[in-house]
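Remarks on the structure that follows.
The values are calculated or read from the model by the stated rules, or taken from the named source; none is laboratory data. Keep in mind the model is a prediction, meaning the values are calculated, not measured. Because the Cβ atoms are built from the backbone with ideal geometry, glycine has one as well, and the counts that use them run over all protein chains shown.
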Amino acid sequence: MWEPEPGWVALPGGAAPSTVGVWRAAVGDHPVVIKRLAVPSPHDPGELSDPRHVAYWRREADVLATGVTARTVGLCAAAATVEEDAEGITITREWVEDAAVTGLFVALSLGRFAGSDLPRPTFLAQGLLRSRLAATQHRAGGWPTLARTTVADIADSLWSRRETFLSALEALAQVPAHGDPTLANVPGRRGDDALAIDWATLGVGPVGGDLGFFSLGAREEFEPLLDAYLMGLPDGVAARDDVLLGAQITAVYTALGRAEWALARVATGEGALASKYRHPAVAPHLRTLQRQFAQIEALLGW
């Protein structure tokens, strides 16, 4: 049975269903990060074994083993080795030092990556937002906790129109997408490119989708990030309005989904729901949602 070595230091993260854990260790004098993935059991959800699904269990290992992002433009991967056994896969990659990159640099890099010549192996994820909303529908039937808040009408309108917006996303140019671009997942820099980690959701998605996702956690406002992304996006890939729409839909639906998830976790406790808006596990998601009001208004009027 596989076990981490004594002396390895556990790191935060590893929330994916197939991730056993993530550790910092050393190979000689070189710091590394080790991630362990477990083979799905017969009782696990079928999507873990679907190469196109966002939750596919071995995507990150396949990305690193094939080297498809080793030399891509905009975003590229750190050097890594992949070892497989009967129980799972062990990924060992070089430690990426925090280069204190700015949100504008990351947005520029995401635009360049969207125009990159990424190979199209069968394990690339597709329909990330559609998959996530389908999981929400299956689990809760929508956003029932948001229905008890002051954004109830907004949430209801956008939830009921989700198929319209998902179809709009799918009609946009489909480009390379990291799928989970955050400052934590894009910590480094290699020359003019951003050095990214956690490639478990690498795929093909709507132009602007990565930008919308990234904007939720960025310090910078939406418009400067949009301008930076467009500056990096090669000519002819997509028009500004298409990038804007892809970013807005992704940002708004992701922010609403996160707010629902956070509120639902505390809703069953004692006291009125409104009294829990300042809960430390909830407040950050509500602040993020508040920052999206301009994008929400744009979608409501679309």
task = State whether the residues of segment 269-277 include one that is among the polar types (S, T, N, Q) and modelled with pLDDT under 95.
result = yes
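When the residues of segment 1-47 are narrowed to those that are assigned to a loop (DSSP other than H, G, I, E, B) and of a type in the set (Asp, Glu), which ends up surrounded by the fewest Cβ atoms within 10 Å (Cβ to Cβ)? Lay out the reasoning, then the answer.
Within segment 1-47, the subset assigned to a loop (DSSP other than H, G, I, E, B) is 1-8, 11-18, 28-29, 39-45.
Right, trim to of a type in the set (Asp, Glu) and you get 3, 5, 29, 44.
Numbers: GLU3: 8, GLU5: 8, ASP29: 5, ASP44: 15.
Going through the qualifying residues, I end up with ASP29.
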query = Could you list, in sequence order, the residues of segment 106-157 that are of a type in the set (Val, Ile, Thr) and outside any loop (DSSP other than H, G, I, E, B)?
reply = VAL106, THR136, ILE154
ask   = So which of TYR229, TYR253 ends up being touching a residue at least 60 places away in the same chain (Cβ under 8 Å), more than 23 Å from GLN137 (Cβ to Cβ) and part of a helix (DSSP H, G or I)?
value = TYR229
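So which of GLY271, GLY203, GLY188, GLY209 is surrounded by 16 or more Cβ atoms within 10 Å (Cβ to Cβ) and within 25 Å of ILE154 (Cβ to Cβ)? First the steps, then the outcome.
Values: GLY271 fails: surrounded by 16 or more Cβ atoms within 10 Å (Cβ to Cβ); GLY203 fails: within 25 Å of ILE154 (Cβ to Cβ); GLY188 fails: within 25 Å of ILE154 (Cβ to Cβ).
Residue meeting the stated conditions: GLY209.
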query = Among the residues of segment 163-183 satisfying the criterion of being without any contact (Cβ under 8 Å) to a residue 40 or more places away in the chain and in a loop (DSSP other than H, G, I, E, B), which is farthest from LEU124 (Cα to Cα)?
reply = THR182
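Quick check on ARG219: is it surrounded by fewer than 24 Cβ atoms within 10 Å (Cβ to Cβ) and not in a loop (DSSP other than H, G, I, E, B)?
Values: surrounded by fewer than 24 Cβ atoms within 10 Å (Cβ to Cβ): yes; not in a loop (DSSP other than H, G, I, E, B): no.
So ARG219 does not fit the description; no.
Residues checked against (1) under 21 Å from PRO181 (Cα atoms); (2) at pLDDT below 95; (3) among the charged types (D, E, K, R):
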{"residue": "LEU11", "(1), (2), (3)": "yes, yes, no"}
{"residue": "ALA38", "(1), (2), (3)": "no, no, no"}
{"residue": "PRO45", "(1), (2), (3)": "no, yes, no"}
{"residue": "ASP62", "(1), (2), (3)": "yes, no, yes"}
{"residue": "VAL73", "(1), (2), (3)": "yes, no, no"}
{"residue": "CYS76", "(1), (2), (3)": "yes, no, no"}
inquiry  = Can you say whether GLY257 is small (Gly, Ala, Ser) and within 30 Å of ILE89 (Cβ to Cβ), as far as the supplied structure shows?
reply    = yes
